[in-house]
Structures are given as structure tokens and as C-alpha cells.
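So the structure is just underneath, and the comments pick up after that.
The values are calculated or read from the model by the stated rules, or taken from the named source; none is laboratory data. Keep in mind that what you see is a predicted model, and the values were worked out from it rather than measured. Cβ: placed from backbone, ideal geometry, glycine included. Neighbour counts: every protein chain shown. For accessibility, only protein heavy atoms count, side chains too; no ligands or nucleic acids. Shrake-Rupley method; radii C 1.70, N 1.55, O 1.52, S 1.80 Å.
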There are 2 protein chains.
Amino acid sequence: MNLPKPKTVNVDLYIGGLSNIQNVPNLVKLSANESALGPSPKVLEIFKSGFNLKKYPDGKSSKLKETIAKKFSINEDQILIGSGSDEIISLICQSFLNKDDEVIMSEDSFLMYRIYSQLNGAVVRFAKNENNKFSVSETLKLVTNKTKIVFIANPNNPSGTYINSDELVKLRKKLPENILLMVDDAYAEFVTENDYKSGLDIFKNSKNTVVSRTFSKIFGLANLRLGWGYGSKEIIEAANLFRPPFNISGIAEKAGCAAILDDEWIKKNVEHNEKWSKIIFEKITSKKIITNDPVANFFLLNFDNAKLNSEQAFDIFINNKILLRKMNTYGIKNSLRVTIGTDEENKTFLDILDKNF
Amino acid sequence: MNLPKPKTVNVDLYIGGLSNIQNVPNLVKLSANESALGPSPKVLEIFKSGFNLKKYPDGKSSKLKETIAKKFSINEDQILIGSGSDEIISLICQSFLNKDDEVIMSEDSFLMYRIYSQLNGAVVRFAKNENNKFSVSETLKLVTNKTKIVFIANPNNPSGTYINSDELVKLRKKLPENILLMVDDAYAEFVTENDYKSGLDIFKNSKNTVVSRTFSKIFGLANLRLGWGYGSKEIIEAANLFRPPFNISGIAEKAGCAAILDDEWIKKNVEHNEKWSKIIFEKITSKKIITNDPVANFFLLNFDNAKLNSEQAFDIFINNKILLRKMNTYGIKNSLRVTIGTDEENKTFLDILDKNF
């Protein structure tokens, strides 16, 4: 039988972290950088009041765009709504990349930049890090006349490091104007360092930079799939062409509006994260596990100098019902990633560290 | 400034129906073929029991695939889960279409076949209808060695007509084997005609046909964005490469499982639809409005022989707080589409017809 032939694509498959392990009930999942405290109580109130499930959502997500625009003093018509910031990345790749275009990203950044670029036929160039951080100079070395997009996550996942605002501004200035810079702000809300500015803060008025934001991290809505992007009208219009007409649920829109307005809850989440990330950092480093400074809601743990290697550590945590993220798919050796959890989850994590390292 | 240039695409924009009209509160929306009775009470029970919003959904939607596979006696690994059947269409187009490939669809079918095909660089050929129905012979006339996909919605939206199972089998047999046939079953559950079989029923074991199904119509979950596709392992694997890792919400998965298992509720919906579609059909035709036989949960109304034209009719319904779907974007002249609603909504609709035609 002569069958229909799919397109030939050369793509690294996305292999997510485990979310459950056979025969381990009640597993605590500290592997996906999800929120410790969960969504705002105001979101939960909305859930209690019910939804009209049978009707299609507003395909323009008008209320969400209005709410975001007000909150950040930005323009509604420069906002792109996505099913997670994941879809923002996908829409940008779909609208800008042609076959054999090139993109640049750091050697250990979020897998989806690579995957969506490859799905659209682009070639991915990996810039070396400097001191485990995104390097502006290494990135600039890879620019050719085929380069279309440069991706940066700041802070970066999974390394947990960030570059300061001067560096980020420098990157944009030194990149040719016709290269699109995409700044992923997924963990921006957690950062309290003085020399840090989010992509949105820096590039609100940029013509050639697009910023992505997510409701899956500090806002605790990973389950609902919601994110957004911001860029010039031209960029957002181009990406919107590829956006499915009803790409987010009506429930996600409603929850997103409530979540983004609850400043008190955001503050509470930042404080929880700041407190615990410092405590956990102290303990990790005292155990000769190498890690990043406390910046976002997770740590990348390297076990080269530690008592046990990453495989042994993973197993010990699993036996204590804590799931950490393996780093094989990122190609990062002898390492695990841990998310900051609830008070109780963090105490258990520290206790296991203490007893075994 | 030399700016980043988006890809050049030649695409018809999707222009959805209106969902609200300024200064008309409490509008009854009979314009989007949504469910009359809404979701199963079992779905509503799930909503009351709460969700873990902060955790990512299962990226494989394993429980939903297991539930669907059991219900229809099909294989889990041949199921593709999408954010609405819309995403199934998109994933099939992404995985099969290269620039300058051709696709064939009927002249008045669902807009998204055309849009996703164009977004992937394909050229769309429109087959003429016969008696307002999809025509196998007209479709076959358009086949060239560039044809990659033939789309058919059965029943078709917006014409409200269907082709019988013999015709559908004939279409597959006469199409070259290497052309992918995509059968959209969006309204299949509503059909009670004896000579009708759904795409899933006919093509369960086909190597070169893919079927799409939705939770937005009879299951009343349009708000949550959920659909699925079924095809050979090869087709589903190819499409899954392009599927985002978390393309549906965890809530949609849970609701979908409950909805698909509630046979009693499905039956109730079919009965409601059968009863009202017959009553509405009688009234429509008595008013010299031309329409399709009662098959799905909507009617396409042509006003050529009626007392008022489609614009006048639209306005009269709006003044009575009923929103119908205009057919301009489909290029169908002097016509409107109406969805079968609740008892009360249908009575209002009939009453307005009676008073004005």
C-alpha cells in the first residue's frame, strides 16, 4: 500500500520529567518548578461560582488583555494570548521561521525553543555559557546573515542563573536590528535582585523584541494552560495569524484575570520563595552540592563534589517520596533540579539532605 | 530601522461569528452550534470536587486516551488529543503539508481546513457541491499528483447536509492511497439516519484516513477546548511530533473522561435534538425558508423565497435578543445559520419566525 507521507522533520523530542513513579503513592513533585502556594484564593472563589462550560470562550480573550494592559500600563493590541507561554514561543517560531533559518539559544536553556525552531525547519546554534550563565559575547559570535531569532530565558531554566539588566540591554544593542530577540520572563516575578529587570520592564517599547510571560509559575495555574506575549504591533499581528481562534479555555481567561490582580497573593508567594530559597541554598551548599544563587523558585544541583552522585540522590529522594527532575534530556551531567515547595515539602527535602549527605 | 520580517503567508483570516452585540444584554446565542443542554451532570460534580490547579496536566492525557479507547474499542496509541478538534486539524496540516502541496475540500465547509492548510503553505482546491452536498465525483476531478489531503465534514458545517456511508466508502476507495482523507465527525453523535455512519465507525482500521472528534458539540464542553483524532499509528505519531507537550488543561481531561462515559446524558441530548430539529424544520419550511433536512444540531437558512432577506431576518432576531450566525465569511449568500437551543430558546425562535414571516 502506497501511504500518505508525513513531512520530514528533524526534531529533538520533548521528554518531560516524570510526574509519577510506579508503586510510590502520595509522591511530592518538586520536579516541574510549579508554584508552592498554588493559585490566589480569588481564583478559587471564581471556581466555586461556576462556569458556562457549553459556550465557546471569547476568541479574542478581550477581558484578559484589558486586565493585563491595565496592570502593566501596556497596550492591549500588543498582547498575544497563548495556551501557556509555550504557545507564545510556538507562534513566534511559526510566524518568523522559514526552512534553513538559524536561531541562537544558550547551551542549556528551555527545551521548547529548540523544538519549535526545529519543527519550523530552522537550524539551532547553541551559545556557550560563561560561569554557567547566558553569554552575550558567545551569542554574538554565532550571528550570521541567516539568524532570525535569539532566545533568552532570564532567569534561565534549568541553570537558575540570570543576567543583569545592563547585559540584557547590551545584547539587544549589539544584535543586528533585524534579528528578533525573544525574552522569556517565566520566572521574572520571583526575582528580587537589584540589578535585575524583566524583559517586559526593559523592552516595553522595543520594535524588535518579544517577551513571554506565564501563569504556570508564580500564579499557580499550570493546569489551565495560560501565558501571554508582548511585542510591537507588527510582531504580534504576525504571530496572531497563526493563533488558533479559540486557543485558551474560558476558564483560563477568567482565572488569569483574577490571579494577576491579586497583588497581595503575589507578594506572599515572593516572600515564601525568598525565605525558603535562602534556607535551602545554605543547606545545599553546606552539603557540597554545587548550585546557583537563590533567584527563581528552583535550584539546579550538581553532585560532582558531593557524597552521592545524581542517580543515587534521585533514588534516595524517591524512596522518601520526593520527585526531583533528572537533567538527562538537557544533557547536563550528574545533576538534578529541585523546585521550592510548601513549608512541609521543603522541610522534608532538607531533612533528607541532612540524613544522607 | 531594519526590523525582523515575519514569514510571508497567504491566508484567509478566521472571522468568528459575533458572540455579543452592543446594548443587547442577555442575548441568546444560537450562532455557534453549541450544545443545548450543556455538559453531563457528572462533569458538574467533578467541578464541585475541585482541581489541583497548580500542577501541570499529564502531557500524555493517559486517562482520557484510556477512557476513549475503552468506550469505542479502539487502540490508545492511535489516539491524538487536541485543544478542540481544531488542533487535530492543525496538527495534521503541520505534519503532512509542505509548501505548494494541494488539499481539497468542499466549497462551503468548515473554515479551519482552509486556514490551517494555507498557514502550512498549501494550495486549497474547492470541489463543487451536488444538491448542496459534498460531491465525491467533483472531489475526484480535482485530484492531482500534488494532492496531499482531502477534508470532509460529515455532517457538514455550515450546510447541515451529510453523505451516506456508501458514498464515504466510495470516496476513500476512489482516492489514490497516498492521499490522506480527513473525516471530521464533529456532529456525528447527533445523526440518527439509517444510511449514515461516522468516520470513526467506517475508518477504524484504515491506514490512510484520520478522523476527528470534538467535546465542543454534543458533550457541551466548548469552553474547555477538547477534541481528539484517530488514525493509523504512523499518522498519529507524525502528528504527535508537532503536538505541544501540554496542549490541553488537566481540567479538560477530567471533564472529558466524565462526559464521554455518561451514555444516558448523550441519549438525552440526541432525543432533545431529534425532537426539536423536526419541529423547527417544519416551521422553517412552512415559512418558505429553504433549509437542510434535520440531521445535526443546526440549520442553514436560505431566504431567497422568504418574506424577508437574511439581513432583515438577522436584525429582527437580534431585536428579539436572538443571535444567529451570518454566512458572509463562508461566502454563502442571503443565508443565516441557527443552532438548536434549549426548550425556551427554541420556543422564542419559533415565535419570532411566526410573527415575522
Exercise. Inspect all residues belonging to region B:134-144 and state whether any of them is open to solvent by 30 Å² or more (accessible area, probe 1.4 Å), farther than 27 Å from A:G121 by Cα, charged (D, E, K, R) and outside any loop (DSSP other than H, G, I, E, B).
Key: yes
Quiz item: Do we find that B:R213 is part of a strand (DSSP E or B) and in contact with a helix residue (DSSP H, G or I) (Cβ under 9 Å, 6 or more places away or on another chain) in this structure?
Solution: yes
Self-check item: Residue list for region B:43-80, filter: within 22 Å of A:L323 (Cβ to Cβ) and of a type in the set (K, R)
Solution: B:K54, B:K55, B:K60, B:K63
Quiz item: Would you call A:P39 buried (at least 23 other Cβ atoms within 10 Å of the Cβ) and more than 22 Å from A:S206 (Cα to Cα)?
Solution: yes
Quiz item: Say we look at region A:258-295 and pick out the residues that are in contact with a Lys or Arg (Cβ under 8 Å, 6 or more places away or on another chain) and not in a helix (DSSP H, G or I); which of these is least open to solvent (accessible area, probe 1.4 Å)?
Solution: A:D262
Quiz item: Which condition does B:K287 not pass, out of (1) out of contact with any Phe, Trp or Tyr (no Cβ under 9 Å at 6 or more places or on another chain); (2) more than 14 Å from chain A (Cβ to nearest Cβ), if it passes all the others?
Solution: (1)
Quiz prompt | Residues that are within 14 Å of B:G341 (Cβ to Cβ) and in contact with a strand residue (DSSP E or B) (Cβ under 9 Å, 6 or more places away or on another chain), drawn from region B:267-319 | solution = B:S277, B:I280, B:N297, B:F298, B:F299, B:F317
Quiz prompt | helices (runs of 4 or more DSSP H) completely within region A:62-121 that count 3 or more residues being within 22 Å of B:N10 (Cα to Cα) and open to solvent by less than 10 Å² (accessible area, probe 1.4 Å) | solution = A:85-96
Practice problem: Would you please list the contacts, defined by Cβ atoms under 7 Å and residues six or more apart or on different chains, that run from a residue in region A:307-330 that is on the phi > 0 side of the Ramachandran plot to a residue that is of a type outside the set (K, R)? | Solution: A:K321/A:V24; A:K321/A:N26; A:K321/A:L27; A:K321/A:V28
Quiz item: Can you find even one residue in region A:235-247 that is among the basic types (K, R), more than 9 Å from chain B (Cβ to nearest Cβ) and either open to solvent by less than 10 Å² (accessible area, probe 1.4 Å) or in a helix (DSSP H, G or I) (or both)?
Solution: no
Quiz item: Can you name every residue in region B:200-223 that is aliphatic (A, V, I, L, M), out of contact with any strand residue (DSSP E or B) (no Cβ under 7 Å at 6 or more places or on another chain) and farther than 14 Å from B:A252 by Cα?
Solution: B:I202, B:I218
Quiz item: Considering region B:1-17 alone, what residues qualify as being surrounded by 17 or more Cβ atoms within 10 Å (Cβ to Cβ) and in contact (Cβ under 8 Å) with a residue 24 or more places away in the chain?
Solution: B:Y14, B:G17
Quiz item: Do we find that B:K5 is basic (K, R), modelled with pLDDT of 90 or more, outside the structural domain of B:F215 (by TED's automatic domain parsing) and part of a loop (DSSP other than H, G, I, E, B) in this structure?
Solution: yes
